């Protein structure tokens, strides 16, 4: 049997399969997107730009494990830094990243083997999230998002560094192609506001640096030394953390989605009612109350906020400043609880 283009043939009970960690990554990303679609109740094909074709509901993406600069600095939200690199915000986003990962991943597997491929994906994905969070905080331009492109740019940096170091014509040709890809991604990110350039650059730089320390080849083809032991240990630890993060995401996604959806509706209805009252529309409160009464949520704190808001909406009057002020204070409390339960929800969404 001829050697495969990438990966390794594995025989189990007499049946031979092509194995690569690239397959595991693609399956994980695909299953994560299916979970997002189920949470979202479908996808949206209306409006937007190229990256928003087949968009996932914002609440579903957050509940599934998207990450932002606030959650990055909250220890209990650590798992989002792993899950966000497996999630995507639309079908178009998924397909673009999926094609790039498949093409770059095959080459990385062929040169470095499946273990180092997985290590580079996870390390550069985390680096992209960290760079994005720190850059957003420094610029006071916060955003949250999801996507594998930080890790994909990490593979791009890894392969560019590797091929540029080889003098033969074939590798120099590949290096030129990879460099063109890098420039195109940067320009695309500058032209499209939703693209997270910080995550791309952070992943790319770390991937480029990893090419300086990682050895080429599969573990059973090269000498087992310190580098091999460190790579195995690091990959095993990060992979275990990623699996744990995905389990946390899956187990709690429905509850988080219910919470964030209820808070979003409650916040929107209170804002609408207050805006209507300020414009002298007395019926705005009654309209908002009907919607608020329809909010279903199991969280006792949010249910109490809903009930109090409903009671205030039933008695508030345009000319009664005290009742309007009480409603405004309740709206502020809703925002505070929202910021506590979903710290990044109010800020700009970006594609990683």
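Some notes on this structure:
- Scanning the stretch 33-63 for residues that are at pLDDT 85 or above, in contact with a helix residue (DSSP H, G or I) (Cβ under 7 Å, 6 or more places away or on another chain) and more than 20 Å from residue 263 (Cα to Cα) yields 33, 35, 43, 54.
- The set of residues in the stretch 1-22 being free of Cβ contacts under 8 Å to residues at least 24 places away in the same chain and either assigned to a strand (DSSP E or B) or assigned by TED's automatic domain parsing to the domain that holds residue 100 (or both) consists of 9, 10, 11, 12, 15, 16, 17, 18.
- Qualifying residues in the stretch 55-79 (those that are touching a strand residue (DSSP E or B) at 6+ places or on another chain (Cβ under 8 Å) and without any contact (Cβ under 8 Å) to a residue 40 or more places away in the chain) - the one surrounded by the most Cβ atoms within 10 Å (Cβ to Cβ): 56
- Condition check for residue 86: surrounded by fewer than 24 Cβ atoms within 10 Å (Cβ to Cβ) and outside any helix (DSSP H, G or I): no
- Verdict on residue 283 being in contact with a helix residue (DSSP H, G or I) (Cβ under 8 Å, 6 or more places away or on another chain), free of Cβ contacts under 8 Å to residues at least 12 places away in the same chain and surrounded by fewer than 18 Cβ atoms within 10 Å (Cβ to Cβ): yes
- Residue identified as over 17 Å from the mean Cα position of the chain (by Cα), assigned to a helix (DSSP H, G or I) and closer than 26 Å to residue 178 by Cα among 138, 101, 95, 119: 119
- Taken as a whole, the condition of being in the same structural domain as residue 33 (by TED's automatic domain parsing) and assigned to a helix (DSSP H, G or I) applies to residue 51.
- Scanning the stretch 196-210 for residues that are touching a helix residue (DSSP H, G or I) at 6+ places or on another chain (Cβ under 6 Å) and crowded, with 21+ Cβ neighbours inside 10 Å returns 196, 198, 199, 200, 202, 203, 204, 206, 207, 208, 210.
The values are calculated or read from the model by the stated rules, or taken from the named source; none is laboratory data. For clarity, every value in this text was computed on a predicted model and none was experimentally measured. We place every Cβ from the backbone using ideal geometry, glycine too, and count neighbours over all the protein chains shown.
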